[in-house]
1. If we count other beta carbons within 10 Å of each Cβ, what is the order of LYS367, LYS392, LYS294, fewest first?
2. Ranked highest first by average number of other Cβ atoms within 10 Å, how do 335-344, 85-94 line up?
3. Please compute the contact order of the chain in relative form: average sequence separation of alpha-carbon pairs under 8 Å and at least six residues apart, divided by the residue count, as a percent.
4. Longer than 20 Å from Cα to Cα, which of LYS294/LYS349; LYS141/LYS172; LYS245/LYS367 are they? Say none if no pair is.
5. Let's test the formula: R0 of 25 Å, r as the Cβ-Cβ distance of THR5 and ALA449. What FRET efficiency results, to the nearest 0.05?
6. Picking from LEU411, LEU165, LEU44, which is most flexible by a Gaussian network model of the chain using Cα springs under 10 Å?
7. Quote the relative contact order of the stretch 1-123 in percent (integer), defining contacts as alpha-carbon pairs under 8 Å separated by 6+ residues.
8. Antiparallel DSSP bridges in the chain: what percent, to the nearest 5?
Amino acid sequence: MTELTGGPSLPQERRVVTAIPGPKSLELQARRTAAVAAGVGSTLPVFTTRAGGGVIEDVDGNSLIDFGSGIAVTSVGNSAEAVVRRATAQLADFTHTCFMVTPYEGYVAVCEQLAELTPGDHAKKSALFNSGAEAVENAVKIARAYTRRQAVVVFDHGYHGRTNLTMALTAKNMPYKHGFGPFAPEVYRVPVAYGYRWPTGPENCGPEAAAQAIDQITKQVGAENVAAIVIEPVLGEGGFIEPAKGFLPRIAQFAQDNGIVFVADEIQSGFCRTGQWFACEDEGIVPDLITTAKGIAGGLPLAAVTGRAEIMDAAHPGGLGGTYGGNPVACAAALGAIETMRELDLNAKARRIEEVMKGRLAAMQEKFPVIGDIRGRGAMIAIELVKDPATKEPDAGAAGALAKACHAAGLLVLTCGTYGNVLRFLPPLVIGEDLLNEGLDIIETALAAL
Ligand SMILES: *Cc1c(COP(=O)(O)O)cnc(C)c1O
């Protein structure tokens with residue numbers, strides 16, 4: 001077997017030896033600009049050679065601290081040992097048959113793991129796909145087949161993907177939807193409990209927002225027309241918004257009372273990211289369907305819809321699937337990733353990351369009023385930046401400037417939020433605590449220089 005050069009064996013250090021991006025990255029960037037469609041962006045155009053643990057190494061020999069995990073994907077680290085071992089063995093055995101042509105055990109084993117790990121002890125089944133958007137699309141198909149209704153309710157600040165239906169489900173116009181319509185019909189958007197920006201304050205936000213949302217559904221759509229309510233238990237692209245306490249249970253109860261399928265989109269928040277297997281466990285929510293992707297397979301493309309057996313079985317035989325859905329190599333990787341999460345107790349690691357990050361960020365907030373809010377759970381933490389803590393006017397410029405300063409110092413961070421003013425931190429759950437603190441030092445220095 002060839003010697004592994006990335007993954008866990010990669011030196012766990014920050015190293016900045018050129019400008020970032022360096023000359024070799026700039027050369028590749030010129031080739032990229034000529035060959036790759038302009039619509040496909042990159043947060044930081046440094047070209048990767050190896051990655052693992054908490055670092056990303058580039059073609060110029062720089063080693064960046066990774067606070068992004070490829071958008072919450074490499075939670076077990078890049079090229080994690082069990083992922084590489086299982087996926088490599090599978091690659092040598094067979095790469096594809098199409099599960100709909102001749103099946104294989106790995107697909108079934110992933111569905112068994114999903115049944116065990118997702119909330120609730122009812123009978124569950126799963127179907128596997130390639131991307132998060134595909135999983136959300138299929139959750140809607142299944143809910144419509146089960147309820148024989150059409151309407152889908154989603155929330156302000158929600159993000160569910162870039163396909164036609166999931167663009168319709170997504171709240172934000174730029175960059176996700178602008179110019180790409182017309183969008184799928186029968187999609188209705190209602191308020192979410194965004195505590196920091198709720199007019200009467202965070203304490204009242206959960207029940208008030210739930211009442212508003214339910215009132216809109218009842219009056220504008222009609223509960224009896226709604227097939228599914230789709231929500232992220234922690235809203236990701238929308239700005240790491242944790243719906244204020246009480247909101248999710250009220251909405252889930254409303255769904256149950258009205259025969260509506262409650263879908264938790266845990267594509268970003270699932271698989272230990274928030275310090276629990278799934279973020280909806282925090283308030284004891286048991287969704288009817290749950291969509292997963294990102295962290296599920298250590299970097300290989302895999303997604304799933306998991307839920308109550310009677311709902312999952314509502315779609316007719318042959319109605320679900322896809323050529324590559326549940327690819328055997330991706331399934332092997334998922335089994336390796338789940339094994340790693342269990343063995344290293346990555347839920348505990350995520351909670352420790354939260355403790356370190358929130359402690360340091362709270363101290364920074366005292367010094368830097370630009371930090372309006374600190375929020376999130378586990379290793380899904382964000383700061384919302386404002387021009388003035390009294391008016392809470394969003395400061396997207398500060399988020400951009402901070403991200404730029406972090407990148408120049410060798411720390412990869414991402415931005416998000418409806419107003420573009422949120423800096424989000426999604427480190428791999430296996431990151432060392434020294435690197436985590438070094439990353440926070442860089443953020444503190446960048447805040448001071450703002
Ligand atoms: C990323 C994301 C999606 C879309 O997943 P893709 O794999 O990019 O299609 C859907 N929902 C949520 C909550 C996400 O974070």
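No value in this document is a laboratory result; all are computed from the given coordinates. The structure presented is a predicted model; accordingly, all values stated were derived computationally and were not measured. Here the Cβ positions follow ideal geometry from the backbone for every residue, glycine too, while neighbour counts run over all protein chains shown.
1. LYS367, LYS392, LYS294
2. Packing order, densest peptide first, comes out as 335-344, 85-94.
3. In percent, rounded to a whole number, it is 22.
4. Pairs exceeding 20 Å: LYS141/LYS172; LYS245/LYS367.
5. Efficiency at R0 = 25 Å is approximately 0.10.
6. Most flexible of the set in this elastic network: LEU44.
7. Working: 115 pairs, mean separation 32.7, N = 123.
Computed over the stretch 1-123, the figure is 27 percent.
8. Working: 33 of 49 bridges.
Roughly 65 percent of the DSSP beta bridges within the chain come out antiparallel.
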